[in-house]
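Q: The structure is given below, and queries will be raised subsequently.
The values are calculated or read from the model by the stated rules, or taken from the named source; none is laboratory data. Since the structure is predicted, the reported quantities are computational estimates derived from the model, not experimental observations. Here the Cβ positions follow ideal geometry from the backbone for every residue, glycine too, while neighbour counts run over all protein chains shown.
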Amino acid sequence: MAVPDFKDYKPLSLDSVAKRLATYPGVQERLGGKPESWTVREVGDGNLNFVYIVTGPDGSLCAKQALPYVRLVGESWPLPLSRSFYEHAALVRQDKANGSVPEIFNYDGPQALIVMENLSPHVIWRKALINREQHDVAAKMVGEFAAECHFRTSDLALSAETKKAEIAMFAGNTALCKITEDLVFTDPYYDHPMNSWTSPELDETVRAVQGDPQWKAAVQELKFIFLTRTEAMLHGDLHTGSIMVHKNEDGTEDIRIIDPEFAFYGPMGFDCGALIGNLLLNLFAQDGYPGRACVYQDWLLEQIENFCHAYASRFSELWRTERTGDAYARSLFEDQNHTDASEIALTNFLHRVEMDSLGFAGAKMTRRIIGLAGVADLQGIADPATRAACERRALALARMMVVERVELGSLGRTLEHAERILKDVK
């Protein structure tokens, strides 16, 4: 696979979507009718791309096209169209590793365009969380998704030769990685012009963060891990806005993971930390909304535990059944009746991922409160003073997770501290 040539790239508009899609094999049969009868609406609420939903008499689909700049900022921040290539490559691999991603119908590389399944009536999990809806299997399913994708793209399952080829293939996604490197690990910790927070209510707290040498040193340790540890193919942006949920009439749920354009080879704990951090942000934001928050907060704490338990449980199953790569070779353990040593190695491996996850979660929380592009969970709190109070409590835990993650030692102790912080203001 090679990054396509974008010399003939043309951005879509509401008027041109139907005509373009009609040229792709199978689209007209899938939608039915004539292209001029299709309805097109633009639904993208993200920071980078255009997303269109196209509906015909027989069905619908989703068309996602990359723009040559960051949509949130505008043309002053150019961004390569190649991110669509890496997103498609990641979706193909995630589908093979787990299957909880949208079905791809067409990929037009030179147009940076992916035509895929329209996930309807699914909703973004972040929106469901803000509305205090309970999707009880989402956390478990995402934990299993992450574990399967991480394990099956790592040296635990792949030969060193195959793994290195995969690293090389994703190594070109540097622009998206650079966004993470700056927005998560650098910009919030000094007076960067793109930072944004609840001002003036949070000004003093932000000055304290930016003047904290321990916090800066610890977050740079995490950045170094992010830059150098190529453990597995990551989603790269696994937060509650990249997960879609739907509860069927029979009570079953369908969970899908979308938007892996930040995919690259990095530390497993970064994906886990991204989701944990975003769930914790929703946890602290709940006090800013009307009604009794504590019951939903208890449920959220359970979901964080469910995610981590599902990840560790599924990862452990794969360690015992699919460990065919060059790392932790079975010839050194099980084949010599040293299964106990293999289990010790597994425990140590998962503990390191857990410690990394805590640190990355804290870094993600800090970035969403101080840096560019906050989260709707907090930004939806109308009263600035109330919002700042929620953010201040979230930052208190975030510092602990970044600076004291080794001392915390586990997710369980971290969640105990989260509960304590919440109870202090009840």
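Q: Determine if segment 119-139 includes at least one residue that is in a strand (DSSP E or B) and touching a Pro at 6+ places or on another chain (Cβ under 8 Å).
A: no
Q: Still on this structure: List the number of the failed condition for residue 15; all other conditions in (1) farther than 24 Å from residue 103 by Cβ; (2) touching a Ser or Thr at 6+ places or on another chain (Cβ under 6 Å) hold.
A: Going through the list (1) farther than 24 Å from residue 103 by Cβ; (2) touching a Ser or Thr at 6+ places or on another chain (Cβ under 6 Å), residue 15 breaks only (2).
Q: Taking the conditions exactly as written (surrounded by fewer than 20 Cβ atoms within 10 Å (Cβ to Cβ), part of a helix (DSSP H, G or I), touching a residue at least 24 places away in the same chain (Cβ under 8 Å) and hydroxyl-bearing (Ser, Thr, Tyr)), does residue 296 satisfy them or not?
A: yes
Q: Here are some conditions: (1) over 29 Å from residue 166 (Cβ atoms); (2) in contact with a Gly (Cβ under 6 Å, 6 or more places away or on another chain); (3) modelled with pLDDT under 95. Residue 51 meets all but one. Which one does it not meet?
A: Residue 51 satisfies every listed condition except (1).
Q: Between residues in segment 328-353 that are in the same structural domain as residue 154 (by TED's automatic domain parsing) and residues that are in a loop (DSSP other than H, G, I, E, B) and of a type outside the set (Gly, Ala, Ser), which pairs lie under 7 Å by C-beta distance while being six or more apart or on different chains?
A: Correct list of pairs: 328/156; 330/323; 339/333; 341/333; 342/333; 345/328.
Q: Which condition number in (1) more than 20 Å from residue 205 (Cα to Cα); (2) more than 20 Å from the chain's Cα centre (by Cα); (3) small (Gly, Ala, Ser) is the one that residue 418 fails?
A: Result: residue 418 passes all but (1).
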